[in-house]
1. From 159, 115, grab the single residue that is modelled with pLDDT under 95, more than 19 Å from residue 83 (Cβ to Cβ) and outside any loop (DSSP other than H, G, I, E, B).
2. Return the residue satisfying two criteria in turn: it lies in segment 199-218 and is part of a helix (DSSP H, G or I) and surrounded by 12 or more Cβ atoms within 10 Å (Cβ to Cβ), and of such residues it is nearest to the chain's Cα centre (by Cα).
3. Kindly provide the set of residues from segment 162-185 that are assigned to a loop (DSSP other than H, G, I, E, B) and more than 17 Å from the chain's Cα centre (by Cα), ordered by number.
4. Working only within segment 223-261, note down all residues that are part of a loop (DSSP other than H, G, I, E, B) and farther than 20 Å from residue 319 by Cβ.
5. Is it true that some residue in segment 152-160 is buried (at least 16 other Cβ atoms within 10 Å of the Cβ), at positive phi and touching a helix residue (DSSP H, G or I) at 6+ places or on another chain (Cβ under 7 Å)?
6. Tell me which residues, restricted to segment 227-273, are within 24 Å of residue 192 (Cα to Cα), in contact with a helix residue (DSSP H, G or I) (Cβ under 7 Å, 6 or more places away or on another chain) and crowded, with 18+ Cβ neighbours inside 10 Å.
7. Pick from 105, 76: which is buried (at least 24 other Cβ atoms within 10 Å of the Cβ), under 22 Å from residue 218 (Cα atoms) and modelled with pLDDT of 95 or more?
8. Is it the case, given these coordinates, that residue 86 is within 24 Å of residue 65 (Cα to Cα) and assigned to a helix (DSSP H, G or I)?
């Protein structure tokens, strides 16, 4: 069975607060730990009222401390916002606290808008240096050599798995060249998915870290007891995408009964293209959708995302998704 994992943004819903988002986040992670999900990743975003995962490494520690088995990591840390040494120290610390459970996924985008990227100070000076920054970061995780001037403490000699994340061919090519595992953001930018996956597998060079290519594909999955209710729950994510493209990002909106009354035709077309890798329905439909996606793209792992307004419905959705996948395995 292809493993299932979870990508979380610590969503802040209308009528709620970041504090409550963190309570919901940990509750979902603890359930995911029991349900059999393989990883729980959090994504770095900034200046977005509906996403509370800006301090990604802090939340990873909180989730890892509240769970026992599941791997916890970043999907990802936006490396141009940070110095490689600081990231190595943070994740070396996390891996020392929670051995063999921490993943470090790295992205090249700023995870925000241009004014905020400037406020972060590093991005515009560092984005073009991403390959060099990745290499520097890997160096800090290698065993410390005699006379090494700068080392990550903790970090040196700690085997933290490093992933490259992307929504284009750039990171696929770099992951292949460096012999690193790769995760594609097909849950919101699927256009280059097939080409990036093929390029990564074709050009992969074995490394000390990874002998064979390993690719995660992300997709949105919303499950409930009925197709109609799942489609209604999914309207929260659809509205959030429209609001972002309108330049009015906010907290995750409540679902609506008629999404057609909310968006214009061109907005609908854009959202449906961005969210093309989505499975929305009851347990049987989700099972069929997961099987079809897995058979078509052959990922090594699937990472599920779901921005659902109601925390209880969100828990139920991830529970049903895993039930659906386990039924496939049993069959």
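1. Sole residue among the options that is modelled with pLDDT under 95, more than 19 Å from residue 83 (Cβ to Cβ) and outside any loop (DSSP other than H, G, I, E, B): 115.
2. Looking at residues that are part of a helix (DSSP H, G or I) and surrounded by 12 or more Cβ atoms within 10 Å (Cβ to Cβ), I get 200.
3. Correct list: 179 only.
4. Selection gives 246, 247, 248, 249, 250, 251, 253, 254, 256, 257, 258.
5. Yes: segment 152-160 contains one or more residues that are buried (at least 16 other Cβ atoms within 10 Å of the Cβ), at positive phi and touching a helix residue (DSSP H, G or I) at 6+ places or on another chain (Cβ under 7 Å).
6. Once the filter is applied, which keeps residues that are within 24 Å of residue 192 (Cα to Cα), in contact with a helix residue (DSSP H, G or I) (Cβ under 7 Å, 6 or more places away or on another chain) and crowded, with 18+ Cβ neighbours inside 10 Å, segment 227-273 yields 238, 241, 242, 271.
7. 105
8. yes
The values are calculated or read from the model by the stated rules, or taken from the named source; none is laboratory data. Since the model is a prediction, treat every value here as computed from it, not as a measurement. No Cβ is skipped: glycine too gets one built from the backbone with ideal geometry, and neighbour counts run over all protein chains shown.
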